[in-house]
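Presented below is the structure to which this report refers.
What follows is calculated from the coordinates using simple rules that are stated; it is not laboratory data. On a predicted model such as this, the values are computed, not experimentally measured, just so you know. Counting neighbours? That spans all protein chains shown, and the Cβs are built from the backbone with ideal geometry, glycine included.
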Amino acid sequence: MNAWEIVHHYFNPRIGWLELTTSDAGVRSISFMRTPPAQASRETDPIMSRLIDELDRYFEGRLQSFSVPLDMPPATPFFRSVWEELVRIPYGQTRSYGQVAAAVGIPRGARAVGSANRWNCISILIPCHRVINADGTIGGFASGLDIKRALLALEGVTFYSGSKVYVGPSRIPW
């Protein structure tokens with residue numbers, strides 16, 4: 001555990017409110033919020049400032065890979081291996097739950113990958129939104145399918161949701 005944490009509330013019109021938490025070692029969490037925060041954000045630090053800058057550039061379509069350090073939470077070796085594999089999925093691409101499971105050495109572990117995704121507390125930077133079903137449908141997302149659709153569309157991913165096909169940034173659903 002690190003000596004301190006900074007919390008900052010961040011707003012982007014495409015996805016709404018995020019609560020960002022950093023420590024002296026890196027980003028600890030990015031949480032989607034359904035309502036505006038009740039309290040004002042605390043002062044920022046160099047890691048928080050860098051995170052905010054990178055998120056701004058990502059949402060503007062000018063950043064495809066993050067360089068801000070991560071301060072990952074304690075987790076099982078399997079969860080860590082899944083999260084490390086998620087970071088390897090390039091911007092604008094997806095992998096199926098089964099493909100991620102095979103990549104971490106558990107070819108029949110698609111459901112376990114879904115569980116690891118649910119426990120990912122550094123969304124966007126550890127891009128669990130890039131994991132979809134094998135048939136091209138988007139699957140689940142702990143923070144809501146509307147947010148997953150928005151993130152995939154921002155990255156130009158073609159995917160299926162219900163009876164609709166979303167094709168890249170020209171069909172962004174916000």
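Assorted remarks:
- Per-residue [θ]222 nm for the chain (sum of -39500 (n - 2.57) over DSSP H runs n ≥ 4, rounded to 500): -8500 deg cm²/dmol
- Inverse of mean 1/r across different Cα pairs in region 77-171, Kirkwood, Å: 13.1
- Using 0.36 nm per residue and subtracting the Cα-Cα separation, the extra length available between TRP4 and PHE32 on full extension is 7.9 nm.
- Amide H contacts for ILE132 (H built 1.01 Å from N in the peptide plane; partners 5 or more residues away or on another chain; cut-off under 5 Å): ARG95, SER96, TYR97.
- Amide N of region 110-129 lying under 16 Å from the label point, which is placed 7 angstrom from the Cα of GLN93 along Cα→Cβ: 127-129
- Legend: ranking of residues CYS121, CYS128 from fewest to most surrounding C-beta atoms inside 10 Å; resulting order CYS121, CYS128.
- Label-point gap, in nm, between TRP17 and ARG108 - each point 7 angstrom along Cα→Cβ: 4.5
- Three-way shape label, region 5-59, alpha-carbon gyration tensor, a/c 1.5: oblate
- Residue-wise HN-Hα coupling along region 49-63, computed from phi with Karplus coefficients 6.51, -1.76, 1.60 (Hz; x: Gly, Pro): 4, 5, 4, 4, 4, 5, 5, 4, 5, 4, 5, 7, x, 9, 9
- Pairwise Cα inverse-distance average, inverted: Kirkwood Rh of the chain (Å): 16.6
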